[in-house]
Every structure is written in C-alpha cells, then in structure tokens.
Amino acid sequence: MTVKETKLKDCFILEPKVFLDKRGSFIESYNKKVFYELTGQKIDFVQDNESFSKRGVLRGLHFQKGEYAQSKLVRVITGRILDVVVDLREDSNSFGKHFSTELSEENKKQLFIPRGFAHGFIVLSNTVLFSYKCDNFYNKESESGIIYNDRVLNIDWKLPENEFIVSDKDLILPTFNDLFK
C-alpha cells in the first residue's frame, strides 16, 4: 500500500497493492498495522457502513460533532464518485479548505478523513456501491453538515446542478459561515 498526503493536513489517499492473475484480482483493503506505519494515525475502526446510489446522488456534506466525531476510511467497491472533504478544525492551517478526488472501482483508491472534517460525495457513474469504516459510532443528536452549494467553499461537483439528487435533509443544511459565527 502507498499513502499520499493531500493538501489538507492529516487527510490521506491510500492506494492498495493490486494482485492480478488469470482468476481476477485481490487487494488488502485495510491492515491496522500497515495503516499506522504509513500514516502515523492510531485508529480503531468500530463501525462499517455501505451505501448504494445512482448517478447524480449527492450525499453531504456531513459530519458528527463533539465526542461523536468520526474519522473515516472510504472507498468505492463498484462505480465512480467525486469525494469531497472540508477541514473544519479551527486550529488547522487548512481550516475552511476543501479537497476532492475521484474514487472508483478501477483506481481502488481510498481516502482517510480525520475527525473534524465534513465529508460528501456525488455519484459520477450510473450506480455506485460505497463503503466506509468509522472510528466512532453514529449518534443522531451529533450529526451536522454544510450545504453542498455553499458559496464560501465553492465546490466544483463535476456534474451540472440540474442532475443532482439531494435529500430534503441535505437541502436545508447550514452554510459554512453559519457554522462558524
């Protein structure tokens, strides 16, 4: 596995080694020891989640607050997405900045998102099966988010907005500035 730093502190792209032969392929998608050796992050993942979505579905930008904040390791099993993260750590030199990358079944890249980040994605393929590991349990009272079309963040979601499929809940999320008044 190789690890590449992103422009956001503590946020990494992981590229697993792919073993190919006449039967197909094999990857080790996660190894706690290797993950720590390559990132320096001591993470204890406690919950795995999976979502299935169709083209244009935009999920995000979501995060959990306080003691229920979560680090995540995300990947695409089938399909292709644009994955977006925003640094919400006010003491970070990358506070308020965002980073995006394509994750797909072809490139097999994973994205490690530390606690204190908002996260979202949009589906670029016809469908996607998306998987993520979390280091803390979901807590409904701690969930929060930022509206996907926030003017301060100005995220390029790579699809025309008329193709977006956004949940009613995500349509009423606050702006970045409303969160940090």
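Values quoted throughout were computed directly from the atomic coordinates according to the rules given, and no laboratory measurement underlies them. Here the structure is a predicted model, which means the values were calculated and not measured. Cβ placement follows ideal geometry from the backbone for every residue including glycine, while neighbour counts extend to all protein chains displayed.
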Point to revise | Residue satisfying condition, being loosely packed, with under 14 Cβ neighbours inside 10 Å, over 23 Å from residue 116 (Cα atoms), out of contact with any strand residue (DSSP E or B) (no Cβ under 9 Å at 6 or more places or on another chain) and not polar (S, T, N, Q), within set 24, 40 | key: 24
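Being among the hydrophobic types (A, V, I, L, M, F, W, C) and not in a loop (DSSP other than H, G, I, E, B) is the filter here; which residues of the stretch 172-181 pass it?
Listed by number, the residues that qualify are 176, 179.
Residue-wise test of (1) buried (at least 16 other Cβ atoms within 10 Å of the Cβ); (2) part of a strand (DSSP E or B); (3) in contact with a helix residue (DSSP H, G or I) (Cβ under 6 Å, 6 or more places away or on another chain).
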{"site": "121", "(1), (2), (3)": "yes, yes, no"}
{"site": "132", "(1), (2), (3)": "yes, yes, no"}
{"site": "137", "(1), (2), (3)": "no, no, no"}
{"site": "147", "(1), (2), (3)": "yes, no, no"}
{"site": "152", "(1), (2), (3)": "no, no, yes"}
{"site": "159", "(1), (2), (3)": "no, no, no"}
{"site": "170", "(1), (2), (3)": "yes, no, no"}
**Study point:** For residue 6: the one exception among (1) under 22 Å from residue 157 (Cβ atoms); (2) of a type outside the set (Asp, Glu); (3) in contact with a Leu (Cβ under 6 Å, 6 or more places away or on another chain)
**Key:** (3)
**Study point:** Selection from the stretch 67-97 of residues that are out of contact with any helix residue (DSSP H, G or I) (no Cβ under 8 Å at 6 or more places or on another chain), crowded, with 17+ Cβ neighbours inside 10 Å and either among the β-branched types (Val, Ile, Thr) or over 20 Å from residue 39 (Cβ atoms) (or both)
**Key:** 74, 76, 79, 80, 81, 82, 84, 85
